[in-house]
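J.: One structure, as structure tokens, below. Some questions next.
The values are calculated or read from the model by the stated rules, or taken from the named source; none is laboratory data. Fair warning: this is a prediction, and the values are worked out from it, not measured in the lab. Neighbour counts are summed over all protein chains in view; Cβ atoms, including those assigned to glycine, are modelled from backbone coordinates with ideal geometry. The area values use the complete protein model at the heavy-atom level, side chains included, leaving out ligands, DNA and RNA. Shrake-Rupley method; radii C 1.70, N 1.55, O 1.52, S 1.80 Å.
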Amino acid sequence: MQWDDTQNAYISHEMASKQESVKVDFGPDPGIQSPDLDDGGTIDKILSPITSVMPFLQKFELTTHAVQCPVINIPFYDKSYSMDSFCILAENNKKLIALFFVICWTMLGLIILVR
């Protein structure tokens, strides 16, 4: 047996030497009509089972809070040293820190999903 690209099939060596074409016979036409399809509906109709699962989440809002970075005061030999450099470091790099944690949580979710 060998593959013949012109006939798109495996053919015997005898057929290859004769160059006969392979006849494909699907049988008589059964006369089956194509199915009738409905319109499918609107996007609201399709997504309504998903959007109506937890209606209390539709009114969920995250509010912002006014916060301050805690300053650590360390008394040492009658002097008080305040430490707030971590606040400046975190504030200057908050977008990078947020991106890092988004990537970490996404990878963790994918690992859980794939396993």
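J.: Run the helix sum for the chain: -39,500 (n - 2.57) per DSSP H stretch of 4+ residues, divided by residue count, reported at 222 nm to the nearest 500 deg cm²/dmol.
T.: When only DSSP H runs of four or more count, the value is -11500 deg cm²/dmol.
J.: Could I ask something else about it? Out of the total accessible area of the chain (probe 1.4 Å, heavy atoms of protein only), what percent is carbon and sulfur?
T.: Carbon and sulfur atoms account for 63 percent of the accessible area of the chain.
J.: Treating the angle as unsigned and between 0 and 90°, give the value, to the nearest 10°, between the Cα long axis of helix 94-114 and the longest Cα principal axis of the chain.
T.: 40 degrees
J.: Please identify the longest segment of the chain free of exposed chymotrypsin sites (Phe, Trp or Tyr not before Pro), where exposed means a DSSP state other than H, G, I, E or B and no more than 15 other Cβ atoms within 10 Å.
T.: Longest stretch, sites excluded: 78-115.
J.: Right, something else. Can you give the direction-averaged projected area of the convex hull of the alpha-carbon atoms in region 33-113, in nm²?
T.: So the Cα hull casts an average projection of 12.1 nm².
J.: If you don't mind, another one. Using the heavy atoms of the protein chains alone and a 1.4 angstrom probe, what is the accessible area of the chain per residue in square angstrom?
T.: 102 Å²
J.: Working out 0.36 nm times the residue gap between I46 and Q2, then minus their Cα-Cα distance, what length gain in nm do you get to one decimal?
T.: That pair, I46 and Q2, stretches by 10.8 nm at full extension.
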